[in-house]
1. Using the Cα centre of the stretch 504-609 as the reference point, and only Cβ charges (+1 on K/R, -1 on D/E), how large is the resulting charge dipole? Debye, rounded to the nearest 20.
2. Using a simple spin-label model with points 7 Å from Cα along the Cα→Cβ vector, what separation in nm is obtained for residue 89 and residue 360?
3. Say each of residue 302 and residue 455 gets a label point 7 Å from the Cα, pointing the same way as Cα to Cβ; how far apart are those two points in nm?
4. If you average 1/r across every pair of different Cα atoms in the stretch 281-372 and take the reciprocal, what Kirkwood value do you get, in Å?
5. Of the peptides 250-259, 764-773, 236-245, how do they stack up when ordered by the mean number of other Cβ atoms within 10 Å, highest first?
6. Of the peptides 746-758, 729-741, 347-359, 330-342, how do they stack up when ordered by the mean number of other Cβ atoms within 10 Å, highest first?
7. Whole-Hz ³J(HN,Hα) for each residue in the stretch 642-650, computed from phi via Karplus 6.51 cos²θ - 1.76 cosθ + 1.60 with θ = phi - 60°, x for glycine and proline: what do you get?
8. Which residues does a label at residue 624 reach in the stretch 673-690, if reach means a backbone N under 13 Å from a point 7 Å past the Cα toward the Cβ?
Amino acid sequence: MGPPESYKPSPIMNASISSNDESASSQGSVEDPADFPSHEGLEDPQGSATDILPRDLQQKTATYDYAYEKSMSHAEAKLFYQHHQLASASKGGENTVPASPVPAGRPVADPYESKAMVAPDASPQQQSQATREPSMGQEPDWHLGPPYQHEAGGVAQAQNSHLAADLSARNQAMPLGGAPPPGSYLSTTTIAEGYHGAGLGLGLSQGANGVAPGGDAVTSELNAIYSKIKGLLDRRSRYMGLSLQRAGDDPRDQPEWEIYPPPPEPAWDEGKEYQPGNVGGPSDLTGKKRKMGEDIGEDFEITELLPLPRQASWTYRLDGSSVYQVYESEAAADRQEPVVQLPSLRDFYMDLDAVVDVSTDGPTKSFAFKRLSYLEGKFQLYTLLNEYQEIADSKKVPHRDFYNVRKVDTHVHHSACMNQKHLLRFIKSKMRKSPDEVVLFRDGKHLTLREVFESINLTAYDLSIDTLDMHAHTDSFHRFDKFNLKYNPVGESRLREIFLKTDNYIKGRYLAEITKEVISDLESSKYQMVEWRISIYGRSIEEWDKLAAWVVDNKLFSPNVRWLIQVPRLYDVYKSSGMMENFEQVITNVFQPLFEVTQDPSSHPKLHIFLQRVVGFDSVDDESKAERRLYRKYPIPREWDTKQNPPYSYWIYFMFANIASLNNWRQHRGFNTFVLRPHCGEAGDPDHLAVGFLCCHSISHGILLRKVPLLQYLYYLDQIGIAMSPLSNNALFLTYDKNPCASFFKRGLNVSLSTDDPLQFAFTKEPLIEEYSVAAQIYKFSAVDMCELAKHSVDQSGFELSLKQRWLGSSCVLPGVAGNNVAKSNVPDIREAFRHDTLLAELSLIERYSEIPGADDRNVLAPGLLHTANQASVKPPHLSPRNHVSSESTPPQLSVPFNQGLSPQLAGDSIDQLHSDPRLMAKVTPTPRTIQHIPSPHLAGSDIVTSASSNDTAGRSTDGLPEQKIFPGIVHETIRRGSMLAQLSCDNGSH
């Protein structure tokens, strides 16, 4: 059955088919043109536009060209038929069944018999097809010989070495066919690259007919996409720089920062000798000593921290937009010259709109999705090749396993830090030991603990886990209101006020006691750390002093504990109850005491001491609440006096702006700074993740990233920390099997596991280990995966750098293998090398394609990135810290190795080309065994550094730039056609 009468091929199709007919007719000895239908009678489709509505026309994008696909499919079908005819003719006309294309290492005289039958003047597509596809009627073999030189062809097969390596990897010639011959490409590259596999099919994926669509159109699309991505990374870099949230900005990461009380010294010295007497460091020899897990807080004395720093000469004021600004003097304040220029509310929303616009752009979303899929597939291939090697490397490490690597619970709320059984035992013990203690003042009278339980008709004997009813496993799914009620023991808010509040009639003594019990368990485990989130509501300006007094007076200090301040977004509740007039009062109550204590620590001495253990701020509430936009243009907080709660982005901006001003002042004074780590992407609008990308150091949850591929790709590129809690999500918003945690981890995002609310979700005494164990069972995580997640949690945490160096190694700030100490992290160097090389490849693509190439650069779309095992085994001798940023404003830089990835045959040529091309010399300056720095504004204030060793010789094209595909399967057709012609010429010349 033929096509309908209205069918008329497009001009592109017609031209393609005609060109193939002409090339086929030139091969008189191969086939007769009369065997195929002629297309000369086809009319030129002048009226085709009238047959198809404009809305039905296929649009050309970066990933799909309808006209090209149709022309290629027709041409390939015809060539396939011709090839089949040739194969049949070579076998005497008999139709044989094609054999299985499994190379068994058997010798074959010629790998492709049909290649000798293709005329030299045949079309490039026919030559490419004949070169790529074996005969239908014979056993295929794969040519893995050395790069011969041929006089007739005049093209060295060394130029086609990437294609040969990729082809052999695809067809499993190396695993099944034995060792390659001496001198071949695979003998020098594939074996040396055992863990990366010389591309292994990742570098040179084939398109519809072996030549993937390329050219200027694709290049321009990529330039546009990468320019957008780089622009967004630049915006984040600017925000992080203004707010001093980059690694290295915090004075507590400096070597001279002293931790009080000091942490215990390691039990094992560098000589691997056990030292049971090591309890404290030199700084506490004159102070109190205690055994970890016992006498919590007894090594803390407030007098040891006196005298406090003096009052500063700088000053601060609340400006007209409700942001606290810092000034060097009163005169500067009068002139409105703040120390740091912060983006206005309008600027922030313009930047946010830019992020949202790019993240919702169709071609950009498709591009990001393909890159993420490529990253995930690349990791799966890596694990298949290196699983046993990783196990072997882990077994070589003495003393270290998953249980005794440091793990930080990066997201856990303090009021739910204990499990339900622990709280039940504590309540029963208080009922038994202190029943007549006055614990509550309500309705004008004082109540003892016994009277409180009598009022709810319960006794200590009646209490059980079921009676407490605090687990959120069955009836809280998509019901955040019910989940909040789970914080009330037995459903009674008065019991929550007595046992789980810091500001109550007994000044939070019960909560302090149970907190010390939890700290004791943590210190006994030794390897588990927590960052507890505790609330400042913004209802009163005295909240800070009360919270600081609760921590200091109860001596809740431990080397295993740091604090974050969570600010609930409850302005609408305060406004409805008449507690506040406008939103500015919340900002004043939250931030004014912090500016006061920064200016003069003696004004709030306990707050100054407490803030030394605070690492950042959090913003919490139900993200799934609808955000109705009442205003076309948001008013300033002073004018926000409606009962409507401000949107998430509004809250985050004013927290960010005030933290930025505060951080610049505190860094100037040598005090520790704070980061913004809010709940983000748990539910609700995915645009919250765009806010987190702009303003936040890291986020919690982030499960909605699965719906926004571009933002997920951006979070990967900048390695933004994501503290994920699959058990919490399983009970509230997303079942465990649908959680993207495992996918994020495979793709290389900076994810860690956290418990969120052990009181509601955990069943065991060690909720963090429970979180890891469930993830390992469901997601099939290996021991190396678990240790990598644990290492991520330490990196994301706000613990001092001196402690991180003790837990991960003294070079933990360096990237890749250089910063990995397998004896402490139990993560093999091979895994760190893979992660770092993959990230470097993605970043180098941005550096390359965000700039529009010239005419000479358009034919160098890199086909693949090949890695070397040398980068996994050789640690650079001297590297700068990955994220070290000085206190002065310096442009962020990207450091890319000069000759990383050059194949042995191409390294010399590329160096010569670099010296002869001034444009390339401006990009990279070859200096063996030195560190190369290439400025890259798109990186968020970090230096990605690697060695420029002469051994790192895989993964660069002949122009000296990193070789890497943009789309898996898309290679510039000029390169691919040239490679095919070179292969054909060499093979014809050899016979």
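1. Numbers: 12 positive and 14 negative charges, 51 e Å.
In total the dipole reaches around 240 debye.
2. Distance between label points: 5.9 nm.
3. Between residue 302 and residue 455, the simple spin-label model gives 3.1 nm.
4. Working: mean 1/r = 0.0513 Å⁻¹.
Value: 19.5 Å, from the Cα pair sum.
5. Numbers: 250-259: 15.0, 764-773: 19.6, 236-245: 22.6.
Descending packing order for the listed peptides: 236-245, 764-773, 250-259.
6. Numbers: 746-758: 24.8, 729-741: 19.3, 347-359: 17.3, 330-342: 14.0.
By packing density, highest mean first, the sequence is 746-758, 729-741, 347-359, 330-342.
7. Residue by residue, the stretch 642-650 yields 7, 7, 6, 6, x, x, 4, 5, 5 Hz.
8. In the stretch 673-690, the label zone of residue 624 (backbone N under 13 Å from the point 7 Å along Cα→Cβ) covers 682-685.
None of the figures in this text is laboratory data; all of them are computed from the coordinates on show. Everything quoted here is computed from the prediction, not taken from an experiment. Using ideal geometry, Cβ is built from the backbone for each residue, glycine included, and neighbour counts are taken over all protein chains shown.
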